[in-house]
1. For region 56-193, treating each Cα as an identical point scatterer without solvent, what Debye log10 I(q)/I(0) comes out at q = 0.13, 0.15, 0.20, 0.22 1/Å?
2. Length gain on complete extension for the stretch Gln159 to Ser42, per 0.36 nm per residue less the alpha carbon to alpha carbon distance?
3. Report the equivalent ellipsoid semi-axes for region 149-214 in whole Å, largest first, defined as the square roots of five times the eigenvalues of the gyration tensor built from alpha carbon atoms.
4. Between Val7 and Ser224, how high is the FRET efficiency from 1/(1 + (r/R0)^6) when r is the Cβ-Cβ distance and R₀ = 30 Å? Nearest 0.05.
5. Arrange the following residues from fewest to most other Cβ atoms within 10 Å of their Cβ: Asp57, Asp27.
6. Would you order Leu156, Leu56 from fewest to most other beta-carbon atoms within 10 Å of each residue's own beta-carbon?
7. As a test of the formula, what do you get for the chain when each DSSP H run with n ≥ 4 contributes -39,500 (n - 2.57) and the sum is divided by the residue count, at 222 nm and rounded to the nearest 500 deg cm²/dmol?
8. What percent of all Cα-Cα pairs in region 1-94 falls into each 5 Å bin, going from 0 up to the bin containing the maximum distance?
Amino acid sequence: QTVARAVGVTKLYGKGEAQVAALRSVDVEFAAGEFTAIMGPSGSGKSTLMHTMAGLDTLTEGEVFIGDARVSDMSDKELTLLRRTRIGFIFQQFNLLPTLTAQENILLPLSIAGRKPSKDWFDRVVGTVGLAERLGHRPTELSGGQQQRVACARALVSQPEVIFADEPTGNLDSVSGTEVLEFLRDSVRSLGQTVVMVTHDPRAASYADRVVFLADGRIVTELSEPTADAVI
Ligand code: ADP
Ligand code: ADP
């Protein structure tokens with residue numbers, strides 16, 4: 001089952017001489033329960049692909065679907081609702097609110113939408129990211145790796161159709177980075193979630209189910225069941 005799909009997506013920035021093609025006719029699908037790493041050199045279009053698929057940026061040509069919803073047809077109001085309820089986000093800088101506890105941060109996007117997770121699902125998510133003992137702590141009382149695990153729980157708790165992670169290990173030391181990759185993989189497996197991760201982290205290839213390489217706005221290679229050797 002495909003949960004997110006780009007069909008012939010082209011994204012141009014600027015005009016005339018200064019025009020840049022950030023994406024050139026990209027076709028890609030992400031299946032339910034898959035953990036995909038999007039890799040490639042700086043400027044290859046990774047962020048643009050993620051932003052257009054998440055309805056954060058408009059396309060020049062093509063279509064994006066989240067489930068059966070055509071993102072390019074949506075109004076701003078519909079896009080905001082889509083991002084709040086059907087997509088999860090994980091950022092390099094964690095983006096936690098400093099005055100809220102871990103538990104309050106995890107529940108915030110859902111409570112803004114007037115919803116609550118079932119207790120069962122909340123407990124499973126918190127268990128998967130290993131935070132049960134830290135729910136009452138504020139971000140400043142947590143390590144970087146723990147803060148990113150709170151951010152992962154926040155993305156997982158609404159059971160979104162797809163989670164987009166933008167360099168989730170980019171701000172972490174190597175041990176915490178490995179932990180984050182491990183529990184992203186574990187949450188995909190045990191909670192049946194779908195994660196699309198943009199990353200420069202060479203270790204990501206050994207955790208993901210699939211690696212999509214971009215170069216100059218095009219998909220150049222796809223590897224299934226990648227190994228670390230394949231990208232080094
Ligand atoms: P990556 O995430 O792989 O580093 P990006 O998607 O950020 O690549 O960028 C792809 C290309 O689009 C680059 O050439 C970049 O300079 C250009 N680009 C990205 N965002 C903008 C923007 N807002 N305005 C103009 N050019 C942009
Ligand atoms: P709000 O006005 O409440 O921030 P938005 O429509 O801006 O609503 O954002 C909805 C959701 O989309 C946010 O909860 C956030 O997770 C995500 N989001 C917003 N801006 C960005 C961005 N630049 N990059 C990635 N995700 C974003």
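Since every read-out is calculated from the coordinates, none of them should be taken as a lab result. This structure is a prediction, so every number in the text was calculated from the model and none was measured. Quick reminder, even Gly has a Cβ in these numbers, built from the backbone with ideal geometry, and neighbours come from all protein chains shown.
1. Results for region 56-193 at q = 0.13, 0.15, 0.20, 0.22 Å⁻¹ read -0.56, -0.74, -1.21, -1.39.
2. On the way: separation 117, 0.36 × 117 = 42.12 nm, distance 3.08 nm.
Once the chain is fully extended between Gln159 and Ser42, it gains 39.0 nm.
3. Equivalent-ellipsoid dimensions as semi-axes: 18, 14, 11 Å.
4. My answer for the efficiency is 0.90.
5. Asp27, Asp57
6. Working: Leu156 28, Leu56 16.
Listing Leu156, Leu56 from fewest to most nearby Cβ atoms yields Leu56, Leu156.
7. Details: 8 runs with 78 residues, N = 232.
Using -39500 (n - 2.57) per qualifying helix, the result is -10000 deg cm²/dmol.
8. 3, 12, 23, 24, 21, 12, 4, 1, 0
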